[in-house]
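A.B. asks: Just dropping this structure here.
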Amino acid sequence: MSRAGRIARRGFLVGSVAIAGGVAFGAWRYTRPLPDPFAKGLPPGTEALNPYVLIDGSGITLIAPRADKGQGARWIQAALIADELDIDPAGARIEPGPVSKTYYNTALLQENLPVDPTDTGWLAQTLRAGSDVPARLLGLQITGGSSSVPDGFEKLRRAGAVARETLKQAAAMREGLSRADLRSGDGNVILPDGQRIPYTELAAEAASIAPVQDVVLRAPSQWRILGKPVQRADIVAKSTGTQRYGIDLAFDGMLYASVRAAPRGASVAKVEAAAAKGMRGVHSVVPIRDGIAVVADNTWRAMQALQEITIDWAFSDLPGDQQAVWDSLTAALDAAQIDSRPRDTGDVENALAAGAVIEAEYRVPFLAHAPLEPMNATVRISDSQCEIWTGTQIPDFVVAKVAALTGLGEDGIKVHNQMIGGSFGRRLELDFILQAVQIAQSVPGRPVKMIWSREEDFAHDQPRPAQIARGLGRVANGRIEALDLAIATPSVTTSWFGRVWRALPGPDATITAGAGDQPLAIPNYRVTGYRANEVFPVSSWRSVGASGNGFLHGSFLDELFAAAELDPLQGLIDLCNHDVSRRVLNELREISAWTGRAAGQGRGRGVAFCLSFGVPCAQVVDVADTPKGLRITRAFAVADIGTVLDPVNAEAQLSGGMLFGLGHAMNCELTYRDHVPEQTNFHAYQAMRLHQAPEITVRLLENGPLRGLGEPGVPPAAPALANAIFAATGQRIRELPLSRKVRFA
Amino acid sequence: MELTVNGQRHQIDAEAGMPLLWVLRDILGLTGTKYGCGIAQCGACTVHIDGMAVRSCQIALADVGGEVTTIEGLGTPDAPHPVQQAWIDHQVAQCGYCQSGQIMSAAAMLALQGEPDDQQIDRIMSANLCRCATYPRIRAAIHDAARRLATG
Ligand code: FES
Ligand code: FES
């Protein structure tokens with residue numbers, strides 16, 4: 001049996017329960033006592049049902065518990081179930097849990113990553129490293145780390161298969177036939193004479209029999225939906241303005257709110273709000289923790305009134321300027337605050353001492369998440385219950401923190417997860433939700449929809465951390481003899497866990513991710529992570545540690561290839577000691593028709609590779625110097641995700657990830673001054689726009705383990721572009737954004 | 001104040017300075033038009049006034065001098081506009097939040113320009129930000145929609 005199969009068998013069974021007029025199928029999971037407060041719930045030894053398929057007389061509902069923020073997670077979860085269940089997922093209701101069917105709310109909190117905490121196998125390690133979730137927190141429902149696909153691949157298909165076979169069994173018993181003689185298709189059990197019985201008619205009977213457990217999952221050659229180019233269920237709604245996001249909700253009697261929160265480290269000293277209170281439509285001005293909210297009868301009036309409020313902030317003596325960040329990073333490198341050294345091959349010190357050393361310092365800036373849907377949450381509080389409608393990647397933490405904030409029990413906190421208009425990691429935070437809850441507490445019984453202005457979003461993002469790295473290298477005899485990379489960064493994991501739960505001890509793998517874990521056989525090779533003090537809070541940003549480290553490592557490696565007079569793509573292929581990765585590099589050479597960096601006068605090509613979240617990804621960028629400035633003319637990306645379950649969407653994720661990486665590398669930084677970012681809206685944080693987006697060719701390979709693709713397209717983009725600029729102009733840029741040094745068309 | 005949206009007339013009781021965006025979203029409940037920046041930088045709020053693409057976050061209620069069309073009025077899931085159909089066929093949307101604005105900008109451009117070249121597309125569509133970077137498919141869908149509109 002495959003490793004995935006063993007995990008599945010050990011971790012859960014698929015069971016069923018009766019619901020009104022029908023049946024629910026889901027994963028029965030053996031509960032274990034877990035030491036953390038969020039895994040509370042069932043007494044040890046009892047079992048809970050996490051339902052995935054609900055069938056009653058009115059139709060079929062598929063539960064897709066992972067949050068969808070544009071990466072297609074909701075759809076692929078439904079497709080995994082539907083392919084085995086033999087239904088058209090587009091005809092089913094697809095809902096995120098937890099929803100209002102109270103019988104499983106507690107159970108759904110125990111949604112798992114697919115690995116046992118004691119499993120030390122490669123897959124388990126990769127999943128944990130990839131999602132940055134320590135083993136003891138594996139009981140939590142988290143969307144992140146490109147984990148939705150590997151998580152659901154086995155579990156969701158099995159739920160679909162058990163449901164199908166149990167429905168067939170119910171039909172067999174009704175008709176006095178053998179299950180083996182029945183078939184299924186399009187939501188029906190099909191009898192030998194061709195007669196069709198809809199699943200919805202069999203649901204009640206299926207609930208009364210033991211679920212059929214001995215299912216054999218279909219081989220990829222038998223898949224109907226998976227692996228095929230199909231239309232995602234949300235595409236029509238998202239093309240016609242009919243998709244509802246959290247920000248679009250409306251309830252009877254709903255109030256609207258917006259907030260202004262204190263700059264980092266400050267608190268509210270004095271508020272002058274008389275003018276605001278008298279404005280049309282203003283319901284109230286509500287103090288919240290470290291900020292002020294206006295509640296009004298529409299969003300605009302709330303935002304307008306906020307602008308009429310004068311707030312004096314009391315600043316702490318925490319540093320508030322960008323220079324303090326660079327100083328702390330430099331200090332971390334110098335003081336040798338070693339966090340981890342995941343790579344230490346050969347004898348770097350000796351190898352560097354043997355001759356001339358190439359030395360370089362690299363910097364990457366803070367970056368904002370700035371998803372296009374501004375942060376929002378709608379909350380209604382009563383004496384016993386707090387209902388929250390929002391898009392979140394961490395519903396368990398929402399429940400725990402809101403329970404603590406309100407004094408209501410966790411059973412009284414209901415999270416209705418919403419379709420998300422982009423996240424890039426922003427929806428791993430709780431700040432906006434906790435604000436909305438405080439506002440709702442001031443108007444018990446009434447729903448309040450709180451929306452941040454874009455300015456509030458920039459002012460209060462917890463960005464991707466800024467970093468400084470020092471590279472030392474030596475080349476000799478046409479090869480790289482030594483590469484020593486020292487990376488200083490504050491810990492995203494510590495910062496984030498400190499906010500959503502409590503800071504965890506131990507080294508943070510994200511400090512070196514994307515640099516210290518690369519499959520390259522450099523004879524003397526050392527990567528060291530230095531933990532810098534956190535000057536401003538930082539957070540996971542699409543591809544997390546690899547987003548910056550991919551640039552630091554991929555650029556410095558290119559410097560060494562250049563010094564050794566090696567072709568950078570051939571150099572990567574020669575150094576690569578991981579077969580799946582080497583095939584990615586070879587494929588990239590094919591599709592980009594690579595013959596070297598040079599591409600004619602004023603033109604250049606750059607290449608970079610990064611393995612992140614278990615996915616090797618390699619990219620080529622072509623640039624041309626034009627009278628209007630530097631232009632990216634073409635781009636190529638190859639990644640290996642093991643099995644391509646949704647080809648249309650996977651290509652979009654790879655293309656989108658690469659362009660996301662390119663746009664930020666070109667144009668974006670967040671810099672602090674007087675405790676707030678200087679960039680207040682999109683005019684100062686352009687990212688990429690259409691005129692800068694090159695034609696892009698992507699290829700997906702299927703040689704490695706099954707992995708998700710939301711993040712791995714990002715890390716190679718920045719170094720591939722910087723390396724292309726070097727090839728075109730001879731200028732080696734060691735600092736992002738690149739627009740500090742070159743003008744882009 | 002009187003406002004015609006998607007062919008329907010409404011009496012609006014609101015401040016003359018209230019941006020059309022919030023009239024549409026919070027008073028009329030037409031939430032297909034999105035708020036993204038409020039300062040004419042993202043294009044998520046794009047609607048048509050007498051066929052011209054405008055940023056509804058920038059136009060005050062009192063200054064709306066024509067008939068407003070929003071994404072809901074352009075086409076529907078059952079009867080999508082040719083531009084929406086191209087967006088569906090190319091599966092442009094990722095998170096989808098920008099796409100109402102993208103489609104409204106593209107539809108107005110195509111109504112005016114017939115078959116635009118890449119430079120024209122760049123110039124007009126660069127006012128619409130897509131944080132998910134769906135640009136290659138946006139471009140492909142526009143070319144496709146232009147062909148469909150040309151052949152009726
Ligand atoms: S909300 Fe109007 S342009 Fe961004
Ligand atoms: S699809 Fe997400 S912002 Fe455009």
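A.B. asks: Compute the Cα gyration tensor for chain A, then decide on rounded, prolate or oblate, letting a ≥ b ≥ c be the square roots of its eigenvalues: rounded whenever a/c is under 1.5, prolate when a/b is larger than b/c in the other cases, and oblate in all that remain. Walk me through the numbers before you get to the answer.
C.D. replies: Numbers: a/c = 1.84, a/b = 1.21, b/c = 1.52.
Note, shape of chain A comes out oblate.
A.B. asks: In whole angstrom, and with the biggest value first, how far do the Cα coordinates of the range B:82-151 range along each principal axis?
C.D. replies: Principal axes ranked by extent give 30, 24, 17 Å for the Cα atoms.
A.B. asks: When 1/r is averaged over all different Cα pairs and the result inverted, which Kirkwood radius in Å belongs to the range A:622-745? It would help to have the intermediate numbers written out before the result.
C.D. replies: On the way: mean 1/r = 0.0640 Å⁻¹.
The Cα-based Kirkwood calculation yields 15.6 Å.
A.B. asks: Could you tell me the accessible area of A:Leu217 in Å² (1.4 Å probe, neighbours in place), rounded to the nearest ten?
C.D. replies: 40
A.B. asks: By a straight-distance test (C-alpha under 12 Å), which aspartates and glutamates pair with A:Lys401 as possible cross-link partners, with residues fewer than eight away in the same chain excluded?
C.D. replies: List returned: A:Glu410, A:Glu429, A:Asp431.
A.B. asks: How many percent of the accessible area of the range B:2-72 is carbon or sulfur, using a 1.4 Å probe?
C.D. replies: Working: 1110 of 2560 Å².
Answer for the range B:2-72: carbon and sulfur cover 44 percent of the accessible area.
A.B. asks: Please list, or write none, the lysines whose alpha carbon is within less than 19 Å of the alpha carbon of A:Lys228, excluding same-chain residues fewer than 8 places away.
C.D. replies: Straight-line reach from A:Lys228, under 19 Å: no lysines qualify.
A.B. asks: The range A:496-510 to the range B:90-146: how many Å between their Cα centroids?
C.D. replies: Value for the Cα centre distance between the two parts: 41 Å.
A.B. asks: For the range B:1-87, report the convex hull volume of the alpha-carbon atoms normalised per residue, in Å³, without decimals. Walk me through the numbers on the way to the answer.
C.D. replies: On the way: hull volume 8.2 nm³, N = 87.
Normalising the Cα hull of the range B:1-87 by residue number yields 94 Å³.
A.B. asks: On average, how much area does the Cα convex hull of the range A:241-358 cover when viewed from any direction, in nm²?
C.D. replies: Working: hull surface 59.8 nm².
Over all viewing directions, the range A:241-358 projects a mean Cα-hull area of 15.0 nm².
A.B. asks: May I pose another question? How would A:Glu429, A:Glu175, B:Glu2 line up by accessible area, probe 1.4 Å, largest first? Before the final figure, lay out the partial values.
C.D. replies: Numbers: A:Glu429 5, A:Glu175 70, B:Glu2 105 Å².
Solvent-accessible surface, decreasing: B:Glu2, A:Glu175, A:Glu429.
A.B. asks: Taking a probe of 1.4 Å and counting only protein heavy atoms, give the total accessible area buried between chains A and B in Å², rounded to the nearest 100.
C.D. replies: Working: alone 27200 and 7820 Å², together 30410 Å².
Counting protein atoms only, the buried area is about 4600 Å².
A.B. asks: Let me ask something else about it. Would you list which lysines come within 16 Å of A:Lys238, measuring only between C-alpha atoms, while excluding same-chain residues fewer than 8 positions from it?
C.D. replies: Within reach: A:Lys69, B:Lys34.
A.B. asks: So, one more: Using only Cα atoms, locate the centre of the range A:684-701 and the centre of the range B:3-19, then give the distance between them in Å, rounded to an integer.
C.D. replies: Measuring centre to centre over Cα atoms gives 38 Å.
A.B. asks: Work out the charge dipole of the protein assembly as shown with +1 on the Cβ of Lys and Arg and -1 on the Cβ of Asp and Glu about the Cα centre, then indicate which of A:Leu255, A:Ile197, A:Ala273 is farthest towards its positive end.
C.D. replies: Working it through, the farthest residue towards the positive pole turns out to be A:Ile197.
A.B. asks: Still on this structure, please answer the following. Find out how many positive minus negative residues lie around A:Ala353, taking Lys and Arg as positive, Asp and Glu as negative, among other residues whose Cβ is under 12 Å from that of A:Ala353. Intermediate values should be presented prior to the final figure.
C.D. replies: Values: positive: A:Arg474; negative: A:Asp347, A:Glu349, A:Glu481, A:Asp484.
Cβ neighbours under 12 Å give a net charge of -3.
A.B. asks: Taking the Cα centre of the protein assembly as shown as the origin and placing charges on Cβ (Lys, Arg +1; Asp, Glu -1), which of A:Asn417, A:Trp389, B:Ile39 is farthest toward the positive end of the dipole?
C.D. replies: With unit charges placed on the Cβ atoms, the residue in question is A:Asn417.
A.B. asks: Ok, one more. Compute the semi-axes of the equivalent ellipsoid of the range A:438-552, taking the square root of 5 times each eigenvalue of the Cα gyration tensor, and list them largest first in whole Å. List each step's numbers first, then the result.
C.D. replies: Values: eigenvalues 330, 39, 24 Å².
Equivalent ellipsoid of the range A:438-552: 41, 14, 11 Å, largest first.
A.B. asks: Net charge near A:Ala67: determine it from the other residues with C-beta under 10 Å of the C-beta of A:Ala67, scoring Lys and Arg +1 and Asp and Glu -1.
C.D. replies: Details: positive: A:Arg66, A:Lys69, A:Arg74, A:Arg427; negative: A:Asp68.
That sum, taken over residues with Cβ under 10 Å, equals +3.
A.B. asks: Name the trypsin sites (Lys or Arg not before Pro) in the range A:430-518 that are in a loop by DSSP and that have at most 10 other C-beta atoms within 10 Å, would you?
C.D. replies: Values: sites: A:Lys449, A:Arg454, A:Arg470, A:Arg474, A:Arg479, A:Arg499, A:Arg502; in loops: A:Arg502.
Qualifying residues, ordered by number: A:Arg502.
A.B. asks: Please average, across the residues of B:34-46, the number of beta carbons from any other chain that are within 10 Å of each residue's own beta carbon, and give a whole number. Before the final figure, lay out each step's value.
C.D. replies: Working: counts 8, 11, 11, 11, 8, 7, 2, 7, 6, 3, 4, 0, 0.
Mean shielding count: 6.
A.B. asks: Okay, moving on. Given R₀ = 45 Å, FRET efficiency for A:Ala18-A:Ala503 by Cβ-Cβ distance, to 0.05? Can you show the working numbers first?
C.D. replies: Working: r = 44 Å, r/R0 = 0.98.
The calculated FRET efficiency here is 0.50.
A.B. asks: Going by a ≥ b ≥ c, the root eigenvalues of the Cα gyration tensor, does the range A:333-411 fall in the rounded group (a/c under 1.5), the prolate group (a/b larger than b/c) or the oblate group? Let's see the in-between values first.
C.D. replies: Details: a/c = 4.96, a/b = 2.87, b/c = 1.73.
Prolate shape, in that a/c is at least 1.5 and a/b is the bigger ratio.
A.B. asks: Tell me, how many Å apart are the Cα centres for the range A:51-77 and for the range A:288-342?
C.D. replies: 37
The values are calculated or read from the model by the stated rules, or taken from the named source; none is laboratory data. All values reported here derive from a predicted model rather than from experimental measurement. With ideal geometry, Cβ positions are generated from the backbone for all residues, glycine too; neighbour counts draw on all protein chains shown. Calculation scope for accessible area: heavy atoms of the full protein, side chains included, ligands and nucleic acids excluded. Shrake-Rupley method; radii C 1.70, N 1.55, O 1.52, S 1.80 Å.
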